[in-house]
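*Asks:* Here it is, the structure, as structure tokens.
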Amino acid sequence: MGSGRPGRGVVRADLEQVFRAAYPRVVAVAARVLGSRDEAEDVAQEVFLAFGRSSVPAGEALRWLSVAAAHTALNHLRSSRRRASREEAADGGDAVCPDVADAVVTREERRRVRAALARLPRKQAVALVLRHSGLSYAEVAAALDLSPGSVGTTVRRAESALRKELNRHAPSD
């Protein structure tokens with residue numbers, strides 16, 4: 001994913017066109033990882049800023065942007081996980097009111113899945129995110145420079161690794 005910078009302050013002439021075409025996909029990929037449209041839009045802004053300064057060929061833009069969105073979202077996930085554990089340690093974990101228990105359980109499950117995803121090998125995590133964001137096997141293969149035949153194996157291994165991570169870090173009752 002080389003970015004070969006064309007020069008300081010130079011922005012691609014095709015940025016607006018690529019932005020209009022690719023923005024929904026970039027936000028969808030980031031939201032799949034982060035679970036928040038607001039955070040996904042922040043990631044999309046970051047990714048498009050990097051793309052705007054890059055010399056990625058226009059024909060590779062969607063692929064580059066999809067992979068960059070997955071990588072950037074995983075980076076955000078990892079840094080927010082570290083911040084959340086620091087904040088939790090600082091406030092001592094307050095008791096939860098029973099009337100919001102269901103929402104808390106669901107939110108906690110999503111947090112556990114995201115934390116487990118962040119612990120997977122990077123290529124597996126990105127393949128899983130891209131595939132579950134609606135990219136075809138051929139698109140995932142092109143985005144990650146894999147053979148189309150190996151995408152299914154990579155995704156299955158990622159799903160298996162994700163299950164193992166979830167089981168390893170399952171809360172004890």
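The values are calculated or read from the model by the stated rules, or taken from the named source; none is laboratory data. Just so you know, these numbers come straight off a predicted model, no measurement behind them. Here the Cβ positions follow ideal geometry from the backbone for every residue, glycine too, while neighbour counts run over all protein chains shown. Only protein heavy atoms, including side chains, enter the accessible area calculation; ligands, DNA and RNA are left aside. Shrake-Rupley method; radii C 1.70, N 1.55, O 1.52, S 1.80 Å.
*Asks:* Considering only residues that are among the charged types (D, E, K, R) and open to solvent by less than 80 Å² (accessible area, probe 1.4 Å), look in the range 9-34 and name the one that is nearest to residue 107 (Cα to Cα). Full working, then the answer.
*Replies:* Step one: of the range 9-34, the residues among the charged types (D, E, K, R) are 12, 14, 16, 20, 25, 32.
Filter again for open to solvent by less than 80 Å² (accessible area, probe 1.4 Å), leaving 12, 14, 25.
Numbers: 12: 40, 14: 39, 25: 24 Å.
Among residues in the range 9-34 that are among the charged types (D, E, K, R) and open to solvent by less than 80 Å² (accessible area, probe 1.4 Å), the one nearest to residue 107 (Cα to Cα) is 25.
*Asks:* Moving to a separate point now. Residue pairs, Cβ under 6 Å, 6 or more apart or interchain, first in the range 1-24 and within 15 Å of residue 60 (Cα to Cα), second at pLDDT below 90. List them.
*Replies:* From the range 1-24, the pairs are 14/58.
*Asks:* Still on this model: So which of 139, 165 is in a helix (DSSP H, G or I) and closer than 16 Å to residue 112 by Cα?
*Replies:* Working: 139 fails: closer than 16 Å to residue 112 by Cα.
Step by step, each of 139, 165 is checked, and only 165 is in a helix (DSSP H, G or I) and closer than 16 Å to residue 112 by Cα.
*Asks:* Consider the range 114-136. How many of its residues are open to solvent by 60 Å² or more (accessible area, probe 1.4 Å) and either assigned to a helix (DSSP H, G or I) or among the basic types (Lys, Arg) (or both)?
*Replies:* Number satisfying all stated conditions: 5.
*Asks:* Against the conditions (1) exposed (fewer than 13 other Cβ atoms within 10 Å of the Cβ); (2) free of Cβ contacts under 8 Å to residues at least 12 places away in the same chain, where does residue 141 fall short? Just the number, please.
*Replies:* Failed condition: (1).
*Asks:* Checking residue 75 against (1) within 18 Å of residue 117 (Cα to Cα); (2) open to solvent by 70 Å² or more (accessible area, probe 1.4 Å); (3) in contact (Cβ under 8 Å) with a residue 40 or more places away in the chain: exactly one of these is not met. Which one?
*Replies:* (3)
*Asks:* Continuing with this model, one more query. Which of (1) open to solvent by 70 Å² or more (accessible area, probe 1.4 Å); (2) at pLDDT 70 or above is the odd one out, the single condition residue 105 does not satisfy?
*Replies:* Evaluating residue 105 over (1) open to solvent by 70 Å² or more (accessible area, probe 1.4 Å); (2) at pLDDT 70 or above leaves (2) as the failure.
*Asks:* Follow-up. With the checklist (1) within 26 Å of residue 107 (Cα to Cα); (2) in contact (Cβ under 8 Å) with a residue 40 or more places away in the chain in hand, flag the one item residue 37 doesn't pass.
*Replies:* (2)
*Asks:* Run residue 153 past the list (1) farther than 17 Å from residue 77 by Cα; (2) among the polar types (S, T, N, Q); (3) touching a Lys or Arg at 6+ places or on another chain (Cβ under 8 Å) and report the number of the one that doesn't hold.
*Replies:* Residue 153 satisfies all of (1) farther than 17 Å from residue 77 by Cα; (2) among the polar types (S, T, N, Q); (3) touching a Lys or Arg at 6+ places or on another chain (Cβ under 8 Å) except (3).
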